[in-house]
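Reviewing the structure listed below.
The values are calculated or read from the model by the stated rules, or taken from the named source; none is laboratory data. Given the structure is predicted, the values throughout are model-derived calculations rather than measurements. Virtual Cβ from ideal backbone geometry, glycine too; neighbours counted across all protein chains shown.
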Ligand SMILES: [Zn+2]
């Protein structure tokens, strides 16, 4: 699995561990589930591109023994959302820094960015809670909760556009071109050059054009060699869509922080 505990408390990400630090982690790694607490071992990224991982013998009944990394990653995103946003009256998009392949130190616990914050606005007659939430937790919530997709809860986008979850977060199948900033979410259908497409040519389904720097930042943060490895991944992007010369809608992205990804449930290979 991708995550483990260091010394029983600190979450670390297998893809962020470096070969030269291997000795520092030996005999300090255990399962994310503290009741299981099975000793874990680290396996580096394989030559054929399989991601670095932790492995070991989980206790009977430990769900990390049966869940795929993709399921665990989705669950972590939803838990992050629930921790901050389930009680918030309104949601405010927060741009998270990109995850980096940085060495893990005592000062950098966790692997998926900072937890959300709760702001309190003192209203005339009551307090409103605004929860600031990153794209990844929001994407996890949209994927797993159909009721949430129809929610009229207020949402403020990163460019301060005021909307609601239902109006502001559009699934690729419901897309229509509009002049305002929106959030689009769905799955990458295919990748052609720098375009992440959600349909095939002629279908006029929305696409994301990743500029060079954004493309390499995405690859770095997800440990990918090629953009085409994003086939089937869930994504969420914020931006203003436009029409290409052949009528296909797309959003042009030069900042990788405006898009987030979660791995597909059944990745190819
Ligand atoms: Zn376990």
Test for residue 130: is it at pLDDT below 95 and within 13 Å of residue 91 (Cβ to Cβ): yes
Residue in the stretch 62-70 that is outside any loop (DSSP other than H, G, I, E, B), more than 16 Å from the ligand (Cβ to nearest atom) and at pLDDT 85 or above present: yes
Residue list for the stretch 46-67, filter: surrounded by 13 or more Cβ atoms within 10 Å (Cβ to Cβ) and under 12 Å from residue 2 (Cβ atoms): 51, 52, 53, 54, 55, 64, 67
Yes/no for residue 225 being modelled with pLDDT of 90 or more and assigned by TED's automatic domain parsing to the domain that holds residue 182: no
Residue among 74, 91, 32, 17 that is over 30 Å from residue 228 (Cβ atoms), touching a residue at least 60 places away in the same chain (Cβ under 8 Å) and touching a helix residue (DSSP H, G or I) at 6+ places or on another chain (Cβ under 8 Å): 91
Subset of the stretch 224-236 [touching a residue at least 60 places away in the same chain (Cβ under 8 Å) and buried (at least 21 other Cβ atoms within 10 Å of the Cβ)]: 234, 235, 236
Test for residue 171: is it within 17 Å of residue 140 (Cβ to Cβ) and free of Cβ contacts under 8 Å to residues at least 40 places away in the same chain: yes
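Out of the strands (runs of 3 or more DSSP E) lying entirely within the stretch 201-269, which hold 2 or more residues that are in contact with a helix residue (DSSP H, G or I) (Cβ under 8 Å, 6 or more places away or on another chain)?
Of the strands (runs of 3 or more DSSP E) lying wholly inside the stretch 201-269, those with at least 2 residues that are in contact with a helix residue (DSSP H, G or I) (Cβ under 8 Å, 6 or more places away or on another chain) span 234-239, 259-262.
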The lone exception for residue 214 - which of (1) modelled with pLDDT under 95; (2) touching a strand residue (DSSP E or B) at 6+ places or on another chain (Cβ under 8 Å) it fails: (1)
Residues of the stretch 1-51 satisfying the condition of being within 15 Å of the ligand (Cβ to nearest atom) and in a helix (DSSP H, G or I): 14
Residue match in the stretch 81-89 (condition: away from the ligand (no atom under 15 Å from the Cβ), in a strand (DSSP E or B) and assigned by TED's automatic domain parsing to the domain that holds residue 158): no
Checking residue 163 against (1) over 29 Å from residue 50 (Cα atoms); (2) touching a residue at least 24 places away in the same chain (Cβ under 8 Å); (3) part of a strand (DSSP E or B), the condition it does not meet: (2)
